[in-house]
Amino acid sequence: MAGERPSWVPSEVDVERPSAARMYDYFLGGAHNFAVDRQMADQVIATFPGTRRFAQLNRSFLRWSVRLLLDSGVRQFIDLGSGIPTVGNVHETAQRIDPTARVVYVDNDPVAYAHSRSILAQDAQAAVVKADLRDVDAVLTDPAVVDLLDLDQPVGLLTVAVLHFIPDTDDPAATLARYHDAVAPGSHLVISHALAEPVQEGEPEDERATTVKKVYSRSATPLTLRTEEQIARLFGGFAIIDPPGLVNAGLFSGGDLYDGPDPDWAPGAVGVGRKA
Ligand SMILES: C[S@@+](CC[C@H](N)C(=O)[O-])C[C@H]1O[C@@H](n2cnc3c(N)ncnc32)[C@H](O)[C@@H]1O
């Protein structure tokens, strides 16, 4: 319904403008979204019927990667573009394995921030920062990061379904390189990214990609789809761990790496890199 304004909505939120965070909440079956988000999200689903499945696979991959990093000795995480909290958040997954694990969530969406703050109020080892991940200094010098994390120890940097909201003109590889330089050896970078089919020179772009980009251009965060090769370059100095390598998100199911012969294809690529 246009004009709806539930009590949990922070005052600065424009309920008439779609938000990527709230659209994603809708894909996952959450309740923190408005009519305008649902309308836009339904257009994305009509174009890519696998979108909801991709969102779930993405969450499976996120949980899998947190467990992988814990196995590799990482005990602290910065979740960049963490979203509106949903089932299986990073601090829950991590603290189930190691109750001392620390997590800082970062998001620039006011609903994601407000809801994260309320669920983390009682957790002394997790916090949320309202910041733009492109502002690396603001993130890394925020009191939550300084108080909770030790950047001289390995950090898990999570960029899950967020880098496709950073346009090429803002050079996401350069942003990630700054995080790379700020974290200790043994730190990891996790990426999940919406995929573009490679386009031959002179050929038109996939019509569905054009449609979905048009939908997101109405939100505060336009969409940039990237090919596997472009996504691989975002890892920069973080060497991609192989196996599994940079793979299709469809390989992740129920929180595990799917090892059957015929995984679902999903419009996203996922991978984990490590700083030597
Ligand atoms: C699709 S959601 C993904 C949420 C979560 N990472 C997951 O995979 O389940 C993308 C999130 O990134 C946030 N986001 C987009 N651009 C951002 C930026 N420049 N800085 C911080 N957060 C950003 C959005 O607000 C949204 O909450």
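The values are calculated or read from the model by the stated rules, or taken from the named source; none is laboratory data. Just so we're clear, the structure is a prediction, and the values are computed from it rather than from any experiment. Cβ: placed from backbone, ideal geometry, glycine included. Neighbour counts: every protein chain shown. Just so you know, the surface numbers come from the protein's heavy atoms only, side chains and all, with ligands and any DNA or RNA stripped out. Shrake-Rupley method; radii C 1.70, N 1.55, O 1.52, S 1.80 Å.
I'm trying to understand the selection: among the residues of region 173-184, which are within 15 Å of the ligand (Cβ to nearest atom) and surrounded by fewer than 24 Cβ atoms within 10 Å (Cβ to Cβ)? Matches in region 173-184: A173, A174, T175, R178, Y179. The residues of region 80-118 that are of a type in the set (V, I, T) and open to solvent by 20 Å² or more (accessible area, probe 1.4 Å), listed by number, are T86, V87, I97, T100. Of T211, T175, T169, all but one fail to be under 22 Å from P18 (Cβ atoms), in contact (Cβ under 8 Å) with a residue 12 or more places away in the chain and of a type outside the set (D, E, K, R); the exception is T211.
Selection over region 226-235 of residues that are closer than 24 Å to A21 by Cα and surrounded by fewer than 19 Cβ atoms within 10 Å (Cβ to Cβ) gives a count of 3. Take the conditions (1) surrounded by fewer than 17 Cβ atoms within 10 Å (Cβ to Cβ); (2) over 26 Å from W8 (Cα atoms); (3) hydroxyl-bearing (S, T, Y); S187 misses just one of them, which is (1). Residues that are of a type in the set (S, T, N, Q) and within 23 Å of R22 (Cα to Cα) do occur in region 184-207.
Conditions (1) touching a Pro at 6+ places or on another chain (Cβ under 9 Å); (2) within 14 Å of the ligand (Cβ to nearest atom), marked per residue:
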{"position": "R5", "(1), (2)": "no, no"}
{"position": "W8", "(1), (2)": "no, no"}
{"position": "R17", "(1), (2)": "no, yes"}
{"position": "Y26", "(1), (2)": "no, yes"}
{"position": "D37", "(1), (2)": "yes, yes"}
{"position": "Q43", "(1), (2)": "no, no"}
{"position": "P49", "(1), (2)": "no, no"}
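Among the residues of region 23-82, those that are touching a strand residue (DSSP E or B) at 6+ places or on another chain (Cβ under 7 Å), among the polar types (S, T, N, Q) and at pLDDT below 95 comprise N58, S60.
Looking only at region 190-212, decide whether some residue is among the basic types (K, R), open to solvent by 10 Å² or more (accessible area, probe 1.4 Å) and within 16 Å of the ligand (Cβ to nearest atom). Scanning region 190-212 turns up no residue that is among the basic types (K, R), open to solvent by 10 Å² or more (accessible area, probe 1.4 Å) and within 16 Å of the ligand (Cβ to nearest atom). Taking the listed residues F77, F54, F34, the one that is surrounded by 15 or more Cβ atoms within 10 Å (Cβ to Cβ) and within 15 Å of H115 (Cβ to Cβ) is F34, with no other qualifying.
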